[in-house]
Every structure is written in structure tokens, then in C-alpha cells.
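The structure under discussion is supplied below as C-alpha cells; questions concerning it will follow.
All of the numbers you see were taken from the coordinates with simple rules; none came from a lab. Note that this is a predicted model, so its numbers are computed, not measured. Backbone-built Cβ (ideal geometry, glycine too); neighbour counts: all protein chains shown.
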Amino acid sequence: MRLTILGGGGFRVPLVYGELLRDPGRPRVEEVVLYDVSEERLAAVGHVLAQLAAGHDHAPRVRATTDLDDALRDATVVFSAIRVGGLEGRTADERVALDLGLLGQETIGPGGIAFGLRTIPVALHVAERVAALAPRAWVINFTNPAGMITEAMQRVLGDRVVGICDSPVGLIRRAARSLGLDPARTAPDYVGLNHLGWLRGLSHEGRDVLPDLLADETALKRVEEARLFGPDWVRSLGALPNEYLYYYYFTREAVAAIGGAAQTRGEALLQQQTRFYSTVRSEPEHALAEWRRARRERDESYMAETRETAQAGERDPADLSAGGYEGIALALMTTLSRGGCTTMILNVRNGHAVPGLGPEAVVEVPCIVDPGGVRPLATAPLPGEFLGLVQQVKAVEQLTIEAAATGSAAVALHAFAAHPLVDSVSVARHLLDGYRTRLPDLAAVIPPLPAR
């Protein structure tokens, strides 16, 4: 099989390659094609992969290219992990919002809309080239905002695009282990959108054990999300929220924490990764060691500002060692290509799985996966409190897709103004103007608003 990774010079690509090296199954990936717009980044990641492969007799060969068509031609599977505008774009996503007193985060709120507006045209172009050059390929999308980008690409490729995220899996794993259970022997009732979902039930041997967890103060405090939100709030919801819901439930605290920090997450990662790529350029023989050092630093600082504000403590070492989206991506790819059947939480077309959302909406729910494809499982209706938020955020995602696809400033303004974390149409205008000024990629998609 040939695996193409778009964003192949990205920092997390070695995680995917490491999973491939540990995969003994057949058929296996024989060639990995890395595509990126930066030759320097491709070269640095190439050094890391070569050092990872040392001593492995059947390591997939690696080829790098800056030609998109060359990368996609005859691919069996495409992993899409692009970042339009780079980390410099992410810092603008954060800072423009923070300067207006709003949440500055790359996937939630105004920053997620800005990220989507500049990314969707590129994602649609990628989808069109996949349709032309590798029409039988599966596209596994990691590109954020994952649900929004997956829904946009499905306009071209249909159900052959599947979005993934490791947040739900991590939440379920932590909930099961807090009760001393094997996560693999539990069945989750999880439903929502990407970065906006709830674990409403957890079945073990035919019984829902989530009420046991919510009633057990000691066990509940072993779950990072419960520490983040507070046990009393989690009990009041009757569900464990995805960690990203902190930005909705504790908006003021999150804005204060992020705005009061010396650096935003994007600024910290930009500094960290600039150092990594610079070091590898000058000392390629130390590429793997430098990558491992930078990865530890990155993982340990994930959502650090919110954990500190909520007094949630340090990340569990078991979470840091358990792996993330790379394992999900490989499990999805191998099930589709080798056979068998499994259940995974994925970002897929809704159909009738989540009542209250349209059939075209991409949702994040448990799905049956086998060589025939990916099929969402029906879910029980969401309570009004949850459904209202899901519907509002989904409307914003779909407005963003429309604005990016048509180049409409009016629809882009509507997307910003409709978001629950934006409190004024006037502020939405300032957001759009600010992002156009800071982000050339976005300004190329969305024209200026007419003078009032």
C-alpha cells in the first residue's frame, strides 16, 4: 500500500511512521510519500524518520515531494494534516480574538472560524485532486478544525473522507481506567461534534457504569476532565464533557488564563518548532533525539493554562505514553484495508445518527468500521441543553464552509456573529477585519466588508 501524508513536514509525522514500524500485519504500507510546501521541513522530518527506521528490516520506504499531484497519484490512503498559514497563522487566530477580549484558540470560537476560512479552499482543491488521481483512496483527515474540514471535503469525495480526533478516545480511556476497567472491554455512548461532545454512558458487561463513576468522588477525581470541570459540575451534567468544552463552560476563566499568559499556545509551539527545525538543519545526526525532546515538551504543556486555572494538576503519565491520533489513524486504515470489524469514534456524515442535525452534517459518534466502509451508529436524542449548543456550532461551521467556498464577506461575518463565544455583530466585524489584516491566506479568500 502507498500512504500519502499531506503536511508531511509536520512535527507529528514521526508518530505515524513509528506506528507503521510496529505494524506486522498484511497488506502493509510499503511506501510513505510525504508532501509539504517546505523542502526544509521535509528534509528535517526525513532525517527523523531515517533514524527511527534504523534497525528495522522492513521499514516502509519514504519519498518526499513538493508536488501535490505527484504525492497523490495512485495513493491507497491519504492522511491530510495540513496547516494553511503555518503556526504564524495560528498565533494570529489566537491574538486577534484575545485583543478583542474573546477566546483565542485554534479550533474553538473565532480562531476556529479564521482557521477554517483559509483552510477550506485548500482542502477542497486537495479533494478535487484526490478525485482525479486516486479516486479509490480513503482520505483520513486530521486537519483542524477537523469536523468542518471533513464536511467540506465530503462535498467532493463523499463518505471516503473520515475525520479523526484523539480527544474522545482519551476521555473514554481515562473514565474506564478510573474504575479499574479495561477500556477495550467497554462501549461508550459518546455524541457531539469534533471538540464538542459528551460521554453520556459507558457500558461494561451489559451495564452502564458511568453512574458509578459519577457517584464515586475518588474515582471521579482520577479523570482529568472531572478535575478540569469540577466533580459537582460534571455530576450536574450527568455526563463527562470533552475537554474542549471548558472553553464554553468556563469562558471567562479561559480567556483570562490564555490572555494573561506570557505566550499563547501557538506562540509557544512556533518558538519550540522553529528551534527544532533549526537544530536539525545544523545537526541532522541528532534529529531523532531533538524531536523526542521537543515532543515531551509539547505533550506536557498541552492545555496547561486551563489545567492550572482549574487546579486540575499535571497530565497523567499514562496519557502521555498512551499515544494519540496516530494510533486511531492506523487502526482505521488497517481495518478498512485488511478486514475485520471494529467500533471507533469518528467524524462522519450524520445521516440519521444524531437527531436534530441534518443528514449532511459531520458529527463525532461511534461508528462501525469494516472493509465496506464506515457507518455511524444511531444515538439517543441529546437533551436540549446539549443539542442547542451543537446545533448553533454546526450552523457556524456550515456558514464558514459556505463563506470559504463562495468568497462571501457577508456570510463570513454571519459565521463570526453566530458563534456562541462572540457577543456582538460589531465585534464580529472587527474580528473579520482583524483576521484579514493579519492573515494573507484569509484575505485572499474573503474580500473586505463593504463600508457601513
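Going by amide H atoms built from the backbone, whose H comes under 5 Å of the H on LEU202, apart from near neighbours?
ASP189, VAL209, LEU210
Under a 5 Å amide H to amide H cut-off, with H placed in plane at 1.01 Å, what residues pair with VAL62 once short-range neighbours are removed?
VAL32
Through the Karplus equation 6.51 cos²θ - 1.76 cosθ + 1.60, θ set to phi - 60°, convert the phi angles of segment 157-171 into ³J(HN,Hα) values in whole Hz; use x for Gly and Pro.
My calculation for segment 157-171 gives 10, x, 6, 7, 9, 10, x, 10, 7, 9, 4, x, 4, x, 4 Hz in order.
OK, next. Taking the highest mean first, how do the peptides 105-116, 194-205 order by number of other beta carbon atoms within 10 angstrom per residue?
Per-residue Cβ counts within 10 Å, averaged per peptide and sorted highest first, yield 105-116, 194-205.
At q = 0.13, 0.14 Å⁻¹, what is the log10 ratio I(q)/I(0) for segment 1-53, with the Debye formula run over Cα points and no solvent?
-0.29, -0.33
At what distance in nm do the modelled label points of THR274 and ASP70 sit from each other, each positioned 7 Å from its Cα along Cα→Cβ?
Result for the modelled spin labels: 3.0 nm.
Indicate the gyration tensor shape class of segment 168-249 (rounded, prolate or oblate), computed on the Cα atoms with a ≥ b ≥ c the square roots of the eigenvalues: a/c under 1.5 is rounded; otherwise a/b larger than b/c is prolate and the rest oblate.
Oblate, because a/c is 1.5 or more while a/b does not exceed b/c.
Could you list the square roots of 5 times each eigenvalue of the Cα gyration tensor of segment 2-163, that is, the equivalent ellipsoid semi-axes, sorted largest first and rounded to whole Å? Walk me through the numbers on the way to the answer.
Working: eigenvalues 163, 74, 35 Å².
Ellipsoid half-lengths, sorted descending, are 29, 19, 13 Å.
How large is ³J(HN,Hα), in whole Hz, for each residue of segment 37-43 in order, when computed from phi with the Karplus curve 6.51 cos²θ - 1.76 cosθ + 1.60 and θ = phi - 60°, using x for Gly and Pro?
Per-residue couplings from phi come out as 7, 10, 5, 5, 5, 4, 5 Hz.
Once the Cβ-Cβ distance between ARG338 and ARG207 is put in as r, and R0 is 41 Å, what FRET efficiency do you end up with, to the nearest 0.05? Spell out each step's value before the answer.
Numbers: r = 32 Å, r/R0 = 0.79.
Efficiency, rounded to the nearest 0.05: 0.80.
What does the C-alpha gyration tensor say about the overall shape of the chain? Classify as rounded when a/c is under 1.5, otherwise prolate if a/b is larger than b/c, or oblate. Numbers along the way, then the final one.
Numbers: a/c = 1.28, a/b = 1.06, b/c = 1.20.
Rounded shape, in that the Cα axes give a/c under 1.5.
Just grab the label-to-label distance for GLU30 and ALA256, each label 7 Å out from Cα along the Cβ direction, in nm (one decimal).
Inter-label distance under the simple model: 6.0 nm.
PRE reach from ARG452 (point 7 Å along Cα→Cβ): which of segment 403-440 fall under 13 Å by backbone N?
Correct set: 424-433.
For VAL393, what charge total do you get from the other residues with a beta carbon under 13 Å from its beta carbon, if Lys and Arg give +1 and Asp and Glu give -1? Numbers along the way, then the final one.
On the way: positive: LYS394; negative: GLU151, GLU364, GLU397.
Around VAL393, the surrounding residues sum to -2.
Non-local amide H neighbours of LEU346 (under 5 Å, H modeled in plane, Pro and chain starts lacking H): which ones?
The answer is VAL365, CYS367.
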